[in-house]
Amino acid sequence: MPKKQLINCHAHVFTGNFVPPFLAKTIVPWPLYYLIYTPMVVGLVKLFFKIKHGIRYSDKIHKLWIVRFWKFLKKVFLRIKFWVLGHYLVRIPFRLVVFWISAIAVIYLVEFVALILKVDEFANKYFTLIQDWLQEHYLYFDLEDFYRIIWIVAVLLIIKSSRKPILFVLKGVFPAIKKVFSSSFLDLMQRYYLLGRFATTYKTQKGIAERAVHQLPKDSGMVILPMDMEFMKAGKTSASMRQREIAKKYQGQPIGQDLNDSYKYQMLELWDFVKDENGDGPKDRYHPFLFLDPRRIKEEGKKFFDWEWDTLEDENGQKIRRIKPKEGCFVHTYMEDCRFSGFKIYPALGYHCFDEYLLPIWRYAAENQIPIMAHCIMGTIYYRGTIKNDWHYHPAFLDYDGENPKVLPETKNVDFQWNFTHPLNYLCLLEPDLFKRTLEAVKENDKSRAQDAFLVAPDSKQKEFDYSLLQNLKICLAHYGGEEEWIRYMEQDRTAYSQRLMRDPLEGIKFMENANGDFSWYKLNEVWNDADWYSIISSLMIRYPNVYADLSYILSKESVYPLIKYTLEKNEELSQVCEKYLLERDIHERGTPLIGKNKLRSRVLFGTDFYVVRNHKSDKNLFVDLKTLLGDEDFDLIAKENPEHYLARSFK
């Protein structure tokens, strides 16, 4: 039996030029967000890392006169230091002088910190006494701010032993900074830092991808998730010179046509390094996904996605009709010709998972077992434009009264992403009755052909629809809702919905049924507003055949580790269905006998969210931490067995 591949099911490798220039929009007031220009901020970070690493590794840097002069000064200082330390009588005065110079630097720094933090009078009184005593003995200089900064920086660079106390004082400023700036602004700065850090060392997606996969054991693989941020209203992105050079290799080929924006260049560059030697598909270690934004599909029309009916015969000889992408359209090129592994969506960018321009693609995905990766966490990347009036009403859900559309009261962009990202939105695809409402509600025009894609008999004059076609849709809700929702689940002891997994692990939350078993809009609204996302997502995984969730990003939060371990517990009856599971030849049917917690543990996927998670831990660190926590059996389940099922698409 071949050894199963370890797969990181969630990784990003896009470079800084694919990120819009005004990410600070809605986080920083207008017009100040124009000053926090993405290329500029990322460029400064890149410059920092170039200087930091370039002095060590670059021959060109070493030839610069200023670097040579700095190295000369360093040698002179070291020689003085070695001579002083070798003479006992000089050593003690020398150390006293070094201590005094460092102490003055700390005092200067404390004065800056005291000004920012507004130190209380009691502490300031004693600090002033120390300053006065030093000044009386000619040991303190009341310099201008500019020269004080130079003094502090010089001590940091030259006197190694003084770095710890200075850095200790600087850390005292960070809590104050966090109070002044919003958490979303600090998260954005971290994102800029990561973009600059990886863009400095790796100018292409290939370099970043290799960095990620090499942090896992040999022959491991990873799912690569691109991003299309053109429609989030934060400015336009552009392709780099290197990406344009790669595109020249594909001139005259279908994949090299209509390269009219950076997203197309991103996808082409991705294909260029993941393809195998024959160009038949990706290399074994890479599982690239195709990013979908319904606004792009609407804008580009049939060039992006066009479809036709395909007639096949099932095992019993019965004719069945499916939809398939037409040759030459963007989706056909990447999903059929290049054999990409799945689709990626990011609803927080300003759309719902059931947008009419996505629905025909979802039928194609369901019929071919193509996996979908859906962002499902409140984060830093979200729609930055003006919230439209009609967005304040859910397109498919009714309110508590069951008569009027469900009101979505959020007004700030950072809060409104909740409505696009909410895991209950996927009921609009998975539940036939709700899908019927959705299909009728989202139709704007005939361009999407959304309704035509679900006709029972396309040639018949009488239009009859099959609303059950998406019940088996294979969806992974990325990040499992996020750390905050996992904490909500653990802390809530008064909300009934957070107890359902404990009381009824076989079914979890019944999203739409009241106590009598009848459909209830009141119940659905209560779950939307009150239930934590851990409970909702876990219940979706238990109740529907192909709903998954990955542990990406939240793996960096140790607070969730006990619940991860608990989530992967077995039911007692697992041994009874294990034999059927192993004997089932169709990989898509293996999970059918599993129920309850056994079903839940079969739908959890290992993922890290490289490189977005790098500010917290490296992928190697996350891998070792999780494997140590879970042990070989459970880790292999979520990193090898479950990903194999999730990624097993059928080519027909």
For this session: State the answer as a single residue: which of N316, Y548, L78 lies farthest towards the positive end of the charge dipole of the chain, with beta carbon charges of +1 for Lys and Arg and -1 for Asp and Glu, about the Cα centre.
Result: L78
Problem set entry | Taking only Cα atoms of segment 313-461, radius of gyration then Dmax in Å | 17.2, 55
For this session: Name the residue farthest towards the positive end of the dipole of the chain from the options F330, L469, I36, assuming +1 on Cβ of Lys and Arg, -1 on Cβ of Asp and Glu, about the Cα centre.
Result: I36
Exercise. Taking R0 as 30 Å, what's the FRET efficiency between D433 and E327 from their Cβ-Cβ distance, rounded to 0.05?
Worked result: 0.25
Seminar exercise, completed: The Kirkwood hydrodynamic radius of segment 378-508, taken as the inverse of the mean 1/r over all distinct Cα pairs, in Å, comes to 17.7 Å
Exercise. Expressed in nm to one decimal, what extension gain is obtained for the pair Y393 and V456 from 0.36 nm per residue of sequence separation less their Cα-Cα distance?
Worked result: 19.6 nm
Exercise. If you place +1 on the Cβ of every Lys and Arg and -1 on the Cβ of every Asp and Glu, how big does the dipole about the Cα centre of the chain come out, in debye to the nearest 20?
Worked result: 3840 debye
Seminar exercise, completed: Expected vector for segment 313-327, Karplus 3J(HN,Hα) from phi with 6.51, -1.76, 1.60 and θ = phi - 60°, integer Hz, x for Gly and Pro, equals 10, 7, 4, 8, x, 7, 7, 10, 10, 10, 9, 9, x, 6, 4
For this session: Give a residue-ordered list of calculated ³J(HN,Hα) values for segment 141-150 (Karplus: 6.51 cos²θ - 1.76 cosθ + 1.60, θ = phi - 60°; whole Hz; x for Gly, Pro).
Result: 10, 8, 7, 5, 4, 4, 6, 5, 4, 4
Seminar exercise, completed: Whole-Hz Karplus couplings 3J(HN,Hα) for segment 28-39, θ = phi - 60° and coefficients 6.51, -1.76, 1.60, Gly and Pro as x, run 10, x, 5, x, 5, 5, 5, 6, 8, 7, 3, x
Problem set entry | Cα-projected label distance for R295 with T128, points at 7 Å along beta-carbon direction, nm | 5.7 nm
Problem set entry | When the chain is reduced to its Cα atoms, the Kirkwood hydrodynamic radius in Å | 28.0 Å
Exercise. Cα convex hull of segment 436-568: mean projected area in nm², to one decimal?
Worked result: 10.7 nm²
Exercise. Simple spin-label model, 7 Å along Cα-to-Cβ: F519 to M241 in nm?
Worked result: 6.0 nm
Exercise. If packing is taken as the mean number of other Cβ atoms within 10 Å per residue, what is the order of 100-109, 274-283, 601-610, highest first?
Worked result: 601-610, 100-109, 274-283
Exercise. What's the FRET efficiency of L157 with W83 using the Cβ-Cβ distance as r and R₀ = 25 Å, to the nearest 0.05?
Worked result: 0.75
Exercise. Around Y286, which amide H atoms from residues at least 5 apart in sequence, or from another chain, sit under 5 Å from its own amide H, with H modelled in the peptide plane?
Worked result: M222
Exercise. Between E507 and N368, what is the FRET efficiency for a Förster distance of 30 Å, r being their Cβ-Cβ separation, to the nearest 0.05?
Worked result: 0.55
Exercise. Packing-wise, with mean Cβ within 10 Å as the measure, how do 31-39, 457-465 rank, highest first?
Worked result: 31-39, 457-465
For this session: Using the number of other C-beta atoms within 10 angstrom as an exposure proxy, rank V19, V153 with the fewest first.
Result: V153, V19
For this session: Kindly put W418, W362, W30, W486 in sequence by how many other C-beta atoms sit within 10 Å of each C-beta, fewest to most.
Result: W30, W418, W486, W362
For this session: Tell me what the chain gives for mean residue ellipticity at 222 nm when only DSSP H runs of n ≥ 4 count, each as -39,500 (n - 2.57), the sum divided by the residue total, rounded to 500 deg cm²/dmol.
Result: -13500 deg cm²/dmol
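Since every read-out is calculated from the coordinates, none of them should be taken as a lab result. Since the structure is predicted, the reported quantities are computational estimates derived from the model, not experimental observations. Here Cβ is always computed from backbone atoms with ideal geometry, including for glycine, and neighbour counts include all displayed protein chains.
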